[in-house]
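The values are calculated or read from the model by the stated rules, or taken from the named source; none is laboratory data. Just so it is clear, the structure is predicted and the values come from calculations on it, not from any experiment. Reconstructed Cβ throughout: ideal geometry from the backbone, glycine too, with neighbour counts over all protein chains shown. Ligands, DNA and RNA are excluded from the accessible area calculation, which covers all protein heavy atoms including side chains. Shrake-Rupley method; radii C 1.70, N 1.55, O 1.52, S 1.80 Å.
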Amino acid sequence: MDPFNPGSLSVQERVGVRDLADHVARSITPGIRPIAAAFLEAQPLLTVAAADPDGRVWSSLLTGPPGFTRATGPHTVSVAGGIPAHDPLAGAVTADGTPMGTIALDPRTRRRMRLNGIARPSARGFTIEAQQVFSNCPKYLQKRELYGSDPAGREPGAVRRGEALTPDQVRFVSAADTFFIATTAPDGVDASHRGGRPGFVRVDGSGELSWRDYAGNSMFLTLGNLESDGRAGLLFLDWETGTTLQLSGRAHTDHTPEGRITRFRPTRILETPSATPLRWSTPEYSPAHPPTP
């Protein structure tokens with residue numbers, strides 16, 4: 001399977017990194033190596049990306065005890081518990097097969113692994129037949145320690161739905177140092193991560209979000225998908241309270257003399273208090289972050 005769709009190839013050509021992208025792409029495999037399987041099984045959280053039945057793309061957070069996500073073969077992952085009923089992707093995984101991207105990110109070790117493939121329901125929750133598996137470097141990842149689960153044992157609160165960010169949600173986004181992004185293209189769905197110092201994501205007066213595209217692995221899977229399709233989903237997490245903010249909308253990237261800037265306009269918004277019971281420490285910021293203007 002060619003790791004690059006026409007959108008990614010177009011961005012690579014524009015930036016002048018085609019040869020480098022081909023070199024980096026050698027790390028992408030269709031199989032789950034033993035070291036990848038061990039990493040995956042040790043994680044208490046997994047971020048998934050998919051489209052809901054109406055075609056809107058979302059990024060969703062799943063959590064559980066280590067082992068809730070595990071490789072059951074060289075090409076298959078099993079995820080226990082499925083997607084929570086309050087989540088916009090509940091019901092998105094069907095027996096016909098749902099394109100899904102995933103990223104397992106471990107803030108404790110600043111390691112991450114991406115796995116894209118086809119998801120189907122299972123007795124345990126759902127399975128993913130892997131098509132692309134690869135790790136990313138720790139660049140732009142914040143280091144956090146896991147304190148454990150919410151001692152009060154709170155269940156997820158009532159979901160707040162909207163079509164525009166509230167002032168409190170603008171402050172949530174503006175204070176974020178991490179978010180996850182889901183993108184799609186005709187060849188599949190991808191889940192990725194963006195990190196920076198607080199303020200690296202801006203919200204203008206019209207409610208549009210924007211951020212600089214920092215130098216990365218040169219494959220441009222996310223920007224390539226946006227070039228091909230434009231649908232996207234963002235997930236912001238309050239690491240200390242477990243609240244999630246999920247945005248679905250459309251995005252594009254401006255290539256300017258000062259660098260690449262991605263702009264996202266949300267059309268659907270879901271905020272879920274205490275969506276995850278996990279509680280994390282304040283961050284130790286990545287030394288790779290450029291200064292926030």
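Packing, taken as the mean count of other beta carbons within 10 Å per residue, orders the peptides 242-251, 112-121, 16-25 from highest to lowest as 242-251, 112-121, 16-25. The figure for GLU163 is an accessible area of roughly 130 square angstrom, using a 1.4 Å probe on the protein chains alone. With R₀ fixed at 22 Å, the C-beta to C-beta distance from THR292 to GLU258 puts the FRET efficiency at about 0.95.
With a cut-off of 8 Å between alpha carbons and a minimum separation of six or more residues, what is the relative contact order of the chain in percent?
Values: 733 pairs, mean separation 63.8, N = 293.
Computed over the chain, the figure is 22 percent.
The distance between label points at ARG250 and ASP204 comes to 1.6 nm (points 7 Å beyond Cα on the Cα→Cβ vector).
Placing R0 at 22 angstrom, the Cβ-Cβ distance between ALA42 and ASP150 gives a FRET efficiency of 0.55 after rounding to 0.05.
Apolar share of the accessible surface for the stretch 72-140: 53 percent from carbon plus sulfur atoms, 1.4 Å probe. Per residue, the accessible area of the chain comes to 43 Å², computed with a 1.4 Å probe over protein heavy atoms only. Rounded, prolate or oblate: which fits the stretch 122-193 when a ≥ b ≥ c are the square roots of the eigenvalues of the alpha-carbon gyration tensor, with rounded for a/c under 1.5 and prolate only if a/b beats b/c? It comes out rounded by the Cα gyration axes.
Out of the stretch 227-271, which GluC sites (Glu not before Pro) are coil in DSSP terms and have no more than 11 other C-beta atoms within 10 Å?
Filter output for the stretch 227-271: GLU258.
Quick one: among ARG14, ARG263, ARG56, which has the greatest mean-square fluctuation in a GNM of the chain with alpha-carbon springs under 10 angstrom? Its mean-square fluctuation being the largest, the pick is ARG14.
Ordering ARG268, ARG279 by accessible surface, largest first, gives ARG268, ARG279; the 1.4 Å probe counts only protein heavy atoms, with every chain in place. Under the membrane-span-like helix rule (DSSP H runs whose alpha carbons stretch at least 24 Å along the helix axis, mean Kyte-Doolittle hydropathy 1.0 or higher), the chain yields none. Evaluated at q = 0.09, 0.20 Å⁻¹, the base-10 log of the normalised Debye intensity for the stretch 31-176, with identical point scatterers placed on the Cα atoms, takes the values -0.31, -1.38. Full extension of the segment from ALA164 to ARG26, taken as 0.36 nm per residue of separation minus the current Cα-Cα distance, would add 45.6 nm. Anisotropy class assigned to the chain is rounded, per the alpha carbon gyration tensor with a/c under the 1.5 cut-off.
Which listed residue (PHE126, PRO65, GLY55) has the Cα farthest towards the positive end of the charge dipole for the stretch 1-159, taking +1 on Lys and Arg C-beta and -1 on Asp and Glu C-beta about the Cα centre? Ranked along the dipole, the leading option is PRO65. For ARG124 and HIS75, the difference between the fully extended length at 0.36 nm per residue and the C-alpha to C-alpha distance is 15.9 nm.
How high is the FRET efficiency from THR282 to GLU13, r the C-beta distance, R0 51 Å, rounded to 0.05? That pair, THR282 with GLU13, gives E of 0.80. Based on DSSP H segments of at least four residues, each scored -39500 (n - 2.57), the chain has a per-residue ellipticity at 222 nm of -4000 deg cm²/dmol. Rolling a 1.4 Å probe across all protein chains gives MET219 an accessible area of roughly 0 Å².
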